[in-house]
Amino acid sequence: MKILKFGGTSVGSAKSIQCILNILQKRYSSGEKFIVVSSAMSGVTNLLTEMAFAASERKDFKSGLTEIENKHFSVAKELLEIKNQNPVLTQIKLYMNELEELLQGVNSLKELSLQSKDLILSYGEKCSTYLLSQISKQYFPESTYVDSSSLIKTNNQFGNAKVNIEKTEYLIKNYYETHSDKIFYVTGFIASNEENRITTLGRGGSDYTAAIFGAALEAEQIELWSDVDGMLTTDPKIVKKAFSLSELSYTEAMELSYFGAKVIYPPAMIPAFRKNIPILLLNTFNPDFKGTLIHKENIEKNPFPIKGISSINEISLVNVTGSGMIGEVGFSGRLFSLLAREQINVILITQSSSEHSITFAIEPNDIERAKNLITREFEMELQTHKINIPSIEENLCIIAIVGENMKQTPGISGKLFHVLGRNGINVHAIAQGSSEYNISVIIKKKNLAKALNTVHDTFFIELTKTLHVFVLGTGNIGATLFQQIQNQSNFLKENNDIEVKIVGISNSRKMLIQENGIDLIEWKAALNEGNQANMENFIQQMKIMNLSNCVFIDNTASPDPTKFYKSIFESNISIVTCNKIANSSSYKEYKILKDTARKRGVDFFYETNVGAGLPIIKTLKDLMNSGDRILKIEAILSGTISYIFNNFKGDVSFYEVVKKAQELGFTEPDPRDDLSGKDFMRKMMILARDAGYTTEEHEVLLENILSKNCIKANSVDDFYNELQKSESYFTEIKLKAEKEKKAIRYIGKLEKGKVSITLELVEASHPFYNLSGSDNIISFTTERYKYNPLVIKGPGAGAEVTAAGVFADLINVGTE
Ligand code: ADP
Ligand code: ASP
Ligand code: MG
């Protein structure tokens, strides 16, 4: 025989009850014996609670009555044949009248005891179960309604009554034996005390009813039918990537459900465990799902270090401190028995090495009461300043990681704290696990979703890690980056388990934010439909959304975004950028950004600041981190100037080469922006700083290629005129180079901490002699690469390679 318990959503509507009937039909026709346990229709217990409180405050409760009546009537009318409707509607009406009378009483007395509340709540299960039994009767004539309150006996702890197992089992067995020809439809949740007054088993208690029946009748299996595919790794409403677990041990299920995985009510495990009856969690709306099996020992090997993550969405912390507690035997005993006596549920007690303070978590609703009780109980101690008035921290939540594997695997808690820290989530307290299968932390409520998602990504590493990306700038580089991400997305998912979700895009005109990710095929059109751009607002929204693995990409060349970098790091968001402005302004700013990123444990990647996608910054970093020392850096890092000198040969004039370069798009609209060497200087400064120097702009020796008049010229046309006038200067250099069989190169150098950029003639043996086209080249002479420098060479400009460099940085976020 099996117990099938259907939760609130399963009995929530005519449509869902039809799903139940289909499930039962199969069992019935295969001759299987079963008992059905039912919850109240979804939302009804909550509604009854509200109505009871409303009545006690003389507020309206009648509209609630109508709502409950309608809910049941509409199901009855839809699923009962006309001829069967009347008696059922009459019975429900009778229940409603009783309920109204009770509420009226509460209303007159202006008082709601836990006892009256239980009685009021019991109508939820009575109505739903009675209705379900009558509908089922049409298909299975043996169906009979069973009010469990006469069979489950409890103490007087209304609201959360403790079951008298022996008596209950006797009554259930006896009743079952005397009605063995029937199919039971049993009310969940409700019971009664010795005086036959209705009690309830705690919220979610129908699961417990099912387990109590299962244990009493030694059922083969207890099935809990809900609206999800069993127990998932975490709450699927918060973490989209949560997945179903195929099995759990009783202890694991207990730990997970105790800390909020409400798919099963924790006490339900006890009777099942006692009689070793497996519990199967199933989905009414997906009967093909094979279920999560909860049993004594896991059979399959869990490939992950933990089983699941659960959370309690809202708790408050009470902190009792005082010197008088030190060495005071029995203080905590007094405190916690007081709370237990007054039915204040202590969710957890946190670890504290000193005896100076005790911190515990309770539900926010209990705060006022707890505070009053403690101040009353410890009045003496308070007056003599042995203890202080309890302090309260609110708006907190708990997340707990659970699993039997944790015991054997070292480093789990380290990993948990690391990932929380990296995401800027402050841990207020660490909870004393009730077993070794659980580590719980208390964090701010606003960080719950972010914490669950990051912790889930961390421990279920085979799952895809999602990067949430906000991109500023949709010019050449931005647009190319989107295309590259789009083309590569499947590969990344399959081979690297990385999903790149572009959540926000902004340029100087428009901005668009979509939490579920912007479709990169249609981004242009979508952005056009977006809001008017506002950089501050864009960044603010990114911070407020508080997404896990969040990355800000600055694909602009503007100084404006750099003002926000520091605060972005402070929100624990990584930055990837091709914008060199931040790193090449004052050394102080560079240092602040680097330090802030490091302190926050986030990444600041700017490979494309120097030589586009060439691995220059990364190589320098690796050399430095591995303890090498930079003796000299020589580099040609201006593709434009490179092109110009590579083509300044034979009969052509310097003027013609520059003009041609501009026509080919190798220069900025004003070629002086390149020829001034300023951009090159910025790159050299960044290299020098990354090599450990505090270089400032005024310390750089920058040799001008252009004459003063060229630089001063008011327009680009004037500039070209002046350039023609200084042709003889360039011809002279060219002739000298040709005569000495050398090449003209504009070379940046870092030597002994000094940065210079000068025009030089290099011999054929020099590694820079053979540079062609617009290539960049850099050579590192170091302690280890002393006689034969490490050289990197290749295209150092262009949207394709720059976007690729940004992309590579993005993928590396969080991996170091
Ligand atoms: P029922 O009414 O059937 O008893 P509940 O509402 O009590 O069902 O429990 C099911 C709900 O539990 C799901 O809808 C889901 O949102 C929530 N839940 C929280 N954590 C988990 C988890 N780890 N696995 C499955 N469901 C979870
Ligand atoms: N109806 C009760 C509740 O909502 C019991 C249950 O659903 O398990 O708490
Ligand atoms: Mg439930």
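The values are calculated or read from the model by the stated rules, or taken from the named source; none is laboratory data. In this text, all values refer to a predicted model and were calculated from it rather than measured experimentally. All Cβ positions, glycine included, derive from the backbone under ideal geometry; neighbour counts span all protein chains shown. Only protein heavy atoms, including side chains, enter the accessible area calculation; ligands, DNA and RNA are left aside. Shrake-Rupley method; radii C 1.70, N 1.55, O 1.52, S 1.80 Å.
Key figures
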read-out: Computed over segment 117-199, Kirkwood Rh from alpha-carbon pairs, angstrom; value: 13.2 Å
read-out: Accessible surface of E656 - all protein chains present, 1.4 Å probe, nearest 10 Å²; value: 90 Å²
read-out: Accessible area (Å², per residue) of segment 734-780, counting only protein heavy atoms and a probe of 1.4 Å; value: 47 Å²
read-out: Within-13-Å neighbourhood charge of I212 [Cβ basis; K, R +1; D, E -1]; value: +3
read-out: Modelled FRET efficiency - R0 45 Å, S113 with H428, Cβ distances, 0.05 increments; value: 0.80
read-out: Förster radius 30 Å - calculated FRET efficiency between Q514 and K621 (Cβ-Cβ, nearest 0.05); value: 0.30
read-out: Accessible area (Å², 1.4 Å probe, nearest 10) - L102; value: 50 Å²
read-out: Two-site label geometry, K445 and D147: point separation in nm, points 7 Å out along Cα→Cβ; value: 3.9 nm
read-out: Using alpha carbons only: equivalent-ellipsoid semi-axes of segment 710-768, gyration tensor based, whole Å; value: 27, 19, 7
read-out: Rg(Cα) / (2.2 N^0.38 Å) computed for the chain, rounded to two decimals; value: 1.29
read-out: Accessible area (Å², per residue) of segment 455-598, counting only protein heavy atoms and a probe of 1.4 Å; value: 44 Å²
read-out: Quotient of Cα Rg and 2.2 N^0.38 Å for segment 95-248, N being how many residues it contains; value: 1.18
read-out: Accessible-area ranking of M380, M96, M624, largest first, probe 1.4 Å; value: M380, M624, M96
read-out: Rough spin-label spacing in nm, given labels placed 7 Å along Cα→Cβ, for I299 and I521; value: 4.4 nm
read-out: Counting DSSP beta bridges with both ends in the chain, the antiparallel % (nearest 5); value: 60 percent
read-out: P(r) histogram, all alpha-carbon pairs of segment 244-374 included - 5 Å bins from 0, percent; value: 2, 9, 15, 16, 14, 12, 11, 10, 7, 3, 1, 0, 0
read-out: Surface share of carbon and sulfur [accessible, 1.4 angstrom probe, percent] for segment 688-775; value: 49 percent
read-out: Whole-number D in µm² s⁻¹ for segment 1-121, Kirkwood Cα-pair radius fed into Stokes-Einstein, 4 °C, 1.567 mPa s; value: 81 µm²/s
read-out: Solvent-accessible ranking of H456, H356, H179, H295, largest area first, probe 1.4 Å; value: H356, H179, H295, H456
read-out: Pair T66, E436: separation of 7 Å Cα→Cβ label points (nm); value: 6.1 nm
read-out: With all protein chains modelled, accessible area of V700 [1.4 Å, Å²]; value: 20 Å²
read-out: Share of carbon and sulfur in the accessible heavy-atom surface of segment 523-668 [1.4 Å probe, %]; value: 48 percent
read-out: Förster-model FRET efficiency, 30 Å R0, N196 and R58, C-beta, rounded to 0.05; value: 0.50
read-out: Extension reserve of the K725-R203 stretch, reckoned as 0.36 nm per residue once the Cα distance is removed; value: 178.9 nm
read-out: Net lengthening on full extension, N46/E220 (0.36 nm per residue, minus Cα-Cα); value: 59.4 nm
read-out: Calculated Rg and Dmax of segment 721-812 using C-alpha coordinates, Å; value: 17.0, 50
read-out: Radius 14 Å from Cβ of Y785, net charge of other residues (Lys, Arg +1; Asp, Glu -1); value: 0
read-out: Portion, in percent, of the accessible area of segment 168-224 that falls on carbon or sulfur, probe 1.4 Å; value: 42 percent
read-out: Phi to ³J(HN,Hα) by Karplus 6.51 cos²θ - 1.76 cosθ + 1.60 over segment 478-484, Hz, x for Gly, Pro; value: x, 5, 5, 4, 4, 5, 5
read-out: Fraction of alpha-carbon pairs over 19 Å apart in segment 265-325 - percent; value: 61 percent
read-out: Solution diffusion estimate, µm²/s, Stokes-Einstein, segment 471-622, Kirkwood Rh from C-alpha pairs, 25 °C, viscosity 0.890 mPa s; value: 152 µm²/s
read-out: Mean Cβ neighbour count within 10 Å, used as a protection proxy, ranking 628-640, 603-615 highest first; value: 603-615, 628-640
read-out: C-alpha center-to-center spacing [segment 491-527, segment 184-231] in angstrom; value: 48 Å
read-out: Average accessible surface area per residue within segment 117-162, 1.4 Å rolling probe, Å²; value: 28 Å²
read-out: Radius, Kirkwood style, for segment 462-540 when every pair of distinct Cα atoms is counted (Å); value: 12.9 Å
read-out: Three-way shape label, segment 578-679, alpha-carbon gyration tensor, a/c 1.5; value: prolate
read-out: Cα-based Lys proximity count in segment 196-330, under 26 Å, for pairs eight or more positions apart or on separate chains; value: 23
